[in-house]
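Read through the structure below, which is laid out as structure tokens, and then see the notes.
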Amino acid sequence: MPDISSSTFLNQVQVPQTTFRTATAATTTDKSKSLGKQDFLKLLMAQLQNQDPMKPMDDTQMIAQMAQFSALEASQQLNATIQSSNNMQTVFQAGALIGKYIQANQADGSSTTGAVTSVGFTTTDGVTAPTIQVGGKDVDYSTITKVSSTPIATA
């Protein structure tokens, strides 16, 4: 049985790297670098193979770890379902703007007013973002300040 406190043992066990996302930084996550079911099972097997036979892992610890993993997996599935629902709602809302008149603030401080002629969609990291065409110009959906069924007077 190897001594688990020795540095040679620690160098033999390969732990997959994880990537963390912060709410303030828009970063892309590579799925191959995040922990998944297979990584958890590999870690559990390594833990079971390298435990001291005279002091085996406590059953309650193993059950607690499996319960935590199941809860994490369920929350990830719930998050994916909520994101999918949010994407569908965004598509329907943006599509309903076709033929309506909008007013939107541009990044340069100007305002765009006109009828919505089309809507395009881009998906990044599972999040769908609409881009609206008004008078031949692309307008970000999030910059819309007013929606009307009649033409909007410019000030």
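Some points to look at:
- Cross-link partners of Lys37 among lysines, defined as those whose alpha carbon lies under 28 angstrom from its own and excluding same-chain residues fewer than eight positions apart: Lys55.
- Here's how it looks for Thr131: its modeled amide H is under 5 Å from those of Gly120, Phe121, Thr122, which are all 5 or more places away or on a different chain.
- Centroid-to-centroid separation of region 97-125 and region 43-64 [C-alpha atoms, Å]: 57
- Applying the Karplus relation 6.51 cos²θ - 1.76 cosθ + 1.60 with θ = phi - 60° to region 66-79 yields 3J(HN,Hα) values of 5, 5, 5, 5, 5, 5, 5, 4, 5, 5, 5, 5, 5, 4 Hz, where x marks Gly and Pro.
- Globularity ratio of region 34-95, using Cα Rg and 2.2 N^0.38 Å: 1.76
- Computed over neighbours whose Cβ is under 15 Å from that of Thr122, the net charge equals -3, Lys and Arg +1, Asp and Glu -1.
We did not get these values from a lab; they are worked out from the coordinates using the rules stated. The model shown is predicted, which means the values in this text are computed figures rather than measured ones. Neighbour counts are summed over all protein chains in view; Cβ atoms, including those assigned to glycine, are modelled from backbone coordinates with ideal geometry.
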